[in-house]
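Derivation of every value follows stated rules applied to the coordinates shown; laboratory data play no part. Model, not experiment: these values are computed from the prediction. Please note: Cβ atoms are built from the backbone with ideal geometry, for glycine as well, and neighbour counts cover all protein chains shown.
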Amino acid sequence: MALRSLLFSLIAMLPSSAGYTQTADPVDILGSWTFQTQPYRDGQCLMTGTMRLTSHPDRGLYGCELTAVELCSMWGRSVVVQTCQARRFGKQLTVRSSINQIVEQEMEGLVYVPDNFTLTIQDAAMMYGALISAATAPAIFRRAIEGIS
């Protein structure tokens, strides 16, 4: 009887897993990424750039820095450094940016809108989705290959 009581006591101390399903995706997306959109604005614009995802104390959130290089035949080249926050839900990632600095802008007075993205994480080397900004366009993010210095 004492053994049975001990067994029930040990079982009662185990964490309950009823109704628990693991939804966290183990793919690590921290680090540097490069990206490119497909042409947009009737093929007149294209955006490339870099994004660096950093850890955040809140689960599912990432800090990030984004540098976008937009080249448009009608107004030239813009290089914009942005700070952003990324939120992850399983394989989905949303990136919301705010402009930190306009490094280069050929057309004076052009209003640049922050670059936001909605992405699907394919694996640790690739994400795909869309630029959601003043224009929308499909985008692909690839893991940057970082050298050793």
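By the beta-carbon count within 10 Å of each Cβ, the least crowded to most crowded order of Trp33, Trp75, fewest first, is Trp75, Trp33.
Sparse packing (at most 14 other Cβ atoms within 10 Å of the Cβ) combined with a DSSP loop state is found for the following GluC sites (Glu not before Pro) in the stretch 70-149: Glu106, Glu108, Glu146.
For the stretch 25-143, calculate the relative contact order in percent as a whole number, restricting contacts to Cα pairs under 8 Å that are 6 or more residues apart. Over the stretch 25-143, the number comes to 23 percent.
Based on Cα contacts under 8 Å between residues 6+ apart, the stretch 99-149 shows a relative contact order of 24 percent.
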